[in-house]
1. Work out the P(r) tail for the range 22-168: percent of alpha carbon pairs separated by more than 22 Å, whole number.
2. Which residue fluctuates the most in the chain, going by a Gaussian network model with Cα springs under 10 Å, if the choices are Ala150, Ala77, Ala132?
3. Round to the nearest 0.05 the FRET efficiency obtained for Ala119 and Arg36 when R0 = 30 Å and r is the Cβ-Cβ distance.
4. Ignoring ligands, DNA and RNA, please state the percent of accessible area on the range 77-168 from carbon and sulfur, probe 1.4 Å.
5. Towards the positive end of the charge dipole of the range 92-141, with charges on Cβ (+1 Lys, Arg; -1 Asp, Glu), say which of Ala131, Phe109, Gly97 has the farthest Cα.
6. Accessible area per residue for the range 47-164 in Å², computed with a 1.4 Å probe and the full protein assembly in place, what is it?
7. Regarding the range 1-102, what's the average projected area of the Cα-atom convex hull, expressed in nm²?
8. Per-residue ellipticity at 222 nm for the chain, helices alone: DSSP H runs ≥ 4 residues times -39500 (n - 2.57), over residue total, nearest 500 deg cm²/dmol?
Amino acid sequence: MRVYVPSTLPGLAEAHKTGELGPGPLTAYAVTPGLREWYVSDDIEELEYAALNRAAAASLRLLAADPAAARRRVVVAVDVPDKEAVSDPDRGLDSAGLGEVRIATAVPFAGAAAVHIDADDADADVSAATAALGAADHGDDDAQFVVDGAEDHELLWYGVQEIDHLIG
């Protein structure tokens with residue numbers, strides 16, 4: 001199963017160095033039954049894109065918790081055995097948990113298929129979004145608009161062989 005693990009550039013550098021994403025348990029995003037039902041689509045590429053976007057939103061939260069990290073969302077696409085990515089059936093259509101899966105242990109970085117990262121031009125919007133997250137979580141519509149502005153930036157795709165360049 002392809003899962004999308006939210007991260008940051010320091011997190012990516014650490015995973016590259018240690019050879020694993022972790023430690024577990026990890027929260028990741030994937031095409032779950034709840035995500036399929038919510039998006040009412042059978043197009044796997046569209047569903048994977050939705051899971052990637054959910055992971056990008058989670059990466060934004062990781063950035064908010066790490067003020068020293070570069071203001072670029074990072075998502076690692078990694079393949080894991082189906083049985084290792086477990087979704088909570090009680091959160092099926094809960095919009096906050098759409099596509100969310102738990103992985104109990106660290107994930108070998110060798111299973112990474114690609115890395116998705118914001119371009120440099122997203123820096124200002126991502127910075128503003130991380131600063132606005134708290135207010136947005138408390139129902140501030142203007143803050144939510146700022147958070148949504150980060151989502152206007154498409155994450156760029158990089159092959160795993162390009163990671164040295166990205167973290168260097």
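1. Here the long-distance tail beyond 22 Å is 43 percent of all Cα pairs in the range 22-168.
2. In this elastic network of the chain, the residue with the biggest mean-square fluctuation among Ala150, Ala77, Ala132 is Ala132.
3. On the way: r = 30 Å, r/R0 = 0.99.
So, using R0 = 30 Å, E works out to roughly 0.50.
4. Working: 2690 of 5150 Å².
Answer for the range 77-168 is 52 percent, counting heavy atoms of protein chains only.
5. Final value for the positive-end residue is Phe109.
6. Numbers: 5940 Å² over 118 residues.
Counting only protein heavy atoms, the per-residue value for the range 47-164 is 50 Å².
7. On the way: hull surface 25.9 nm².
With every direction weighted equally, the projected area is 6.5 nm².
8. Working: 6 runs with 70 residues, N = 168.
Estimated from H runs of four or more residues: -13000 deg cm²/dmol.
The values are calculated or read from the model by the stated rules, or taken from the named source; none is laboratory data. Note that this is a predicted model, so its numbers are computed, not measured. Reconstructed Cβ throughout: ideal geometry from the backbone, glycine too, with neighbour counts over all protein chains shown. In case anyone asks, the SASA skips ligands and DNA or RNA and just uses the protein heavy atoms, side chains included. Shrake-Rupley method; radii C 1.70, N 1.55, O 1.52, S 1.80 Å.
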